[in-house]
Amino acid sequence: MRIFLDTANISEIRQGIKLGVVTGVTTNPSLVAKEGLTDYKAVVKQICSIVLGSVSAEVVVNETEAMIKQAREIAAWAPNVVVKIPSTNQGLEVISVLAKDNIKVNMTLCFTFNQALLGALAGAFYVSPFVGRLDDIGNDGIVLVKDIVDAYKKYDLKTEVLAASIRHPEHCAAAAKAGAHIATVPYQVLMQMMQHPLTDIGVARFLADWERALR
Ligand code: E4P
């Protein structure tokens, strides 16, 4: 199980790497826009230079040939870039073309088992089920993660399951228990994952006793 950061914020990425647990990054146009950044290529290249592992960057066109062209350009930005392609029929064709050229694809916006199955068969490197967005509409995103993991194991498909749209620490824990290879988490969720009030109380009590009796 690996943890990626779902962000375009450079200081969050640097801090996550310092903690020794973040090995990759996923971005999307919404996250880049949220940071007020306008040079998409420059942002992705900068993130790629900071992170040792993979950095997923989304295509921002929708037609098959245009996606293939843009995906090839994005793939040339850095050796660790992975191109995000949406889970559509056009996307499937794009994935199969890119896979033949050994260009790594993260099939994004995955909401069904069938999308994940076809993405893997087309040669996606990662498939990203969107856990939180499924929960938002009353489905169970973690059930989808588990179903995909089980099917990939059963049929020996090498595609990795990257649990995305993680909204809180319990999503991350559940994705790990379901067998996801990776969870991509917002920085705030990463920070919450180590928090427990009993840990804080315990630390305060040990320090107080040290001051009172032992120093
Ligand atoms: C990551 O690849 C996705 O773009 C991201 O996790 C989406 O998260 P959201 O549903 O919270 O926007």
It is to be established whether one or more residues within segment 156-165 are away from the ligand (no atom under 16 Å from the Cβ) and more than 22 Å from Phe4 (Cα to Cα).
yes
Condition first: farther than 20 Å from Met67 by Cβ, of a type in the set (A, V, I, L, M, F, W, C), within 16 Å of the ligand (Cβ to nearest atom) and open to solvent by 50 Å² or more (accessible area, probe 1.4 Å). Can you find one or more residues in segment 169-187 that meet it?
no
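If you scan segment 1-12, which residues turn out to be of a type in the set (S, T, N, Q), open to solvent by 20 Å² or more (accessible area, probe 1.4 Å) and in contact (Cβ under 8 Å) with a residue 24 or more places away in the chain?
To start, the set of residues in segment 1-12 that are of a type in the set (S, T, N, Q) comprises 7, 9, 11.
Next cut, open to solvent by 20 Å² or more (accessible area, probe 1.4 Å) only: 9, 11.
Scanning segment 1-12 gives a single hit, Asn9.
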Go over the candidates Thr27, Thr64, Thr112 one by one and state the one that is hydroxyl-bearing (Ser, Thr, Tyr) and either within 14 Å of the ligand (Cβ to nearest atom) or open to solvent by less than 10 Å² (accessible area, probe 1.4 Å) (or both).
Thr27
Residue among Ala8, Ala75, Ala66 that is small (Gly, Ala, Ser) and in contact with a helix residue (DSSP H, G or I) (Cβ under 7 Å, 6 or more places away or on another chain):
Ala8
Can you list the helices (runs of 4 or more DSSP H) found entirely within segment 1-97 that contain at least 1 residues being within 19 Å of Met107 (Cα to Cα), at pLDDT 95 or above and among the basic types (Lys, Arg)?
64-75
So how many residues does segment 141-155 have that are within 15 Å of the ligand (Cβ to nearest atom) and open to solvent by 20 Å² or more (accessible area, probe 1.4 Å)?
1
Could you go through segment 13-21 and let me know if any residue there is free of Cβ contacts under 8 Å to residues at least 40 places away in the same chain, closer than 15 Å to Lys84 by Cβ and within 16 Å of the ligand (Cβ to nearest atom).
no
Could you list, in sequence order, the residues of segment 117-137 that are within 15 Å of the ligand (Cβ to nearest atom), part of a loop (DSSP other than H, G, I, E, B) and open to solvent by 10 Å² or more (accessible area, probe 1.4 Å)?
Phe125, Ile137
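The values are calculated or read from the model by the stated rules, or taken from the named source; none is laboratory data. Predicted model, so just to flag it, every value in this text is computed and none were measured. Cβ coordinates were reconstructed from backbone atoms using ideal geometry, including for glycine residues, and neighbour counts include every protein chain displayed. Side chains are part of the model used for accessible areas, which takes the heavy atoms of the whole protein and leaves out ligands, DNA and RNA. Shrake-Rupley method; radii C 1.70, N 1.55, O 1.52, S 1.80 Å.
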